[in-house]
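First comes the structure, then the notes that go with it.
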Amino acid sequence: MNRSFFIRLGYLLLEILTFLGIGVLIIVTIAYPLTLLDLSVLLERPLDRSDPYFQTLIEYIPQDIGFIAALLIMRRYIFKRPFAETGLVKNRVVPDLGLGFGQATLLIVAGFLILWALQKLAMRTTLFEPEQFSGLLILFFFQSLSEEVITRGFLLATNAHYFGSFWGLLVSASLFSLLHFFNPDFNWIAGANIFLAGLVMGLLFLKYRNLWACTGFHWGWNFMQAGFFDFNVSGINVESYIRFTPLAPVWLTGGSFGFEGSTLAVIFLLLFTIYLWRKVDFSPAQFAENPVAGAL
């Protein structure tokens, strides 16, 4: 390791601390006044902390605003690099969100159909509750955007600037997996799946040179898993449309952790990772110069 390595590492750590400091300050400034409001009056119905609309307004929208604002301030006024390298560009927002959502949907539907065909799911009922359904769709979008801004828009892109896209990809996927370490019923299969999901979303970020395809994948993966089908999402249970109980063996169905705890998910995500890896250019091209690098 030479002197240049430690200089780059120092700048990277400085950017991380700056990003977290600015982001948390803005989040607290926005979120705290919201906790003082009676949101049940705003939405014209009773609310509690488990309500998806409450979580969206109090937690995820402030996080999105805070971390996006932190990126904007850092890129334009402190470290002065192109804001577009974060992937927050105006190109192909809707098409790439839809593309990522559709890719995740295919994987989750395939997993459900295989488990159903193998009689590893005890079907119970279907129950469509419009407010709950739409609330989860909105919540998972803002939650996914928040995590993608942090792990791909900031961490991957910043590591890529100092150490290259390959290391940025590995670091962001590793942190993404660690963020779920304390979730209920976390195990090594779940850890492998979340790491692979981090690789998939990082590769989508690098392939399309924007944050939308990976956010769409994250959004579709969480919503289809827990909002549409009755898998838990990273160990968290929410009300779903198609309701069933996963049966033994847990290593196949994912059990109480959700489809992310299934070896089927490992296979699907590993194959998709290999496919995307062959499609990605790991050269240090600026996102501003090439906002859309191709299509599947």
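The values are calculated or read from the model by the stated rules, or taken from the named source; none is laboratory data. Bear in mind the structure is a predicted one, so any value in this text is a computation, not a measurement. We place every Cβ from the backbone using ideal geometry, glycine too, and count neighbours over all the protein chains shown. Heavy atoms of the whole protein, side chains included, go into the accessibility calculation; ligands, DNA and RNA do not. Shrake-Rupley method; radii C 1.70, N 1.55, O 1.52, S 1.80 Å.
With respect to SER40, determine if the residue is open to solvent by less than 50 Å² (accessible area, probe 1.4 Å), polar (S, T, N, Q) and at pLDDT below 90.
Against the criterion (open to solvent by less than 50 Å² (accessible area, probe 1.4 Å), polar (S, T, N, Q) and at pLDDT below 90), SER40 qualifies.
Which one of TRP212, TRP251, TRP221 is surrounded by fewer than 16 Cβ atoms within 10 Å (Cβ to Cβ) and either touching a residue at least 40 places away in the same chain (Cβ under 8 Å) or under 14 Å from the mean Cα position of the chain (by Cα) (or both)?
Checking each option against the conditions leaves just TRP251.
Residues being open to solvent by 50 Å² or more (accessible area, probe 1.4 Å), under 13 Å from ILE242 (Cα atoms) and of a type in the set (A, V, I, L, M, F, W, C): count how many of those fall in segment 110-131. If you could, list the steps in order and put the result at the bottom.
First, pick out the residues of segment 110-131 that are open to solvent by 50 Å² or more (accessible area, probe 1.4 Å): 113-114, 116-120, 123-131.
Within this subset, residues satisfying the condition of being under 13 Å from ILE242 (Cα atoms) are 113, 116, 123-129.
Remaining after also requiring of a type in the set (A, V, I, L, M, F, W, C): 113, 116, 123, 127-128.
Going through segment 110-131 one residue at a time, the tally reaches 5.
Looking at this structure, is TYR77 buried (at least 20 other Cβ atoms within 10 Å of the Cβ) and farther than 15 Å from CYS214 by Cβ?
Values: buried (at least 20 other Cβ atoms within 10 Å of the Cβ): no; farther than 15 Å from CYS214 by Cβ: yes.
Spelling it out, it is not the case that TYR77 is buried (at least 20 other Cβ atoms within 10 Å of the Cβ) and farther than 15 Å from CYS214 by Cβ.
How many residues does segment 257-296 hold that are surrounded by fewer than 17 Cβ atoms within 10 Å (Cβ to Cβ) and at pLDDT 90 or above?
Of the residues in that region, 9 qualify.
Check ASN187, ASN183 and return the single one that is in contact with a helix residue (DSSP H, G or I) (Cβ under 7 Å, 6 or more places away or on another chain), touching a residue at least 40 places away in the same chain (Cβ under 8 Å), open to solvent by 30 Å² or more (accessible area, probe 1.4 Å) and at negative phi. Even if it seems obvious, please write down each step before you answer.
Details: ASN183 fails: in contact with a helix residue (DSSP H, G or I) (Cβ under 7 Å, 6 or more places away or on another chain).
After ruling out the rest, the residue left standing is ASN187.
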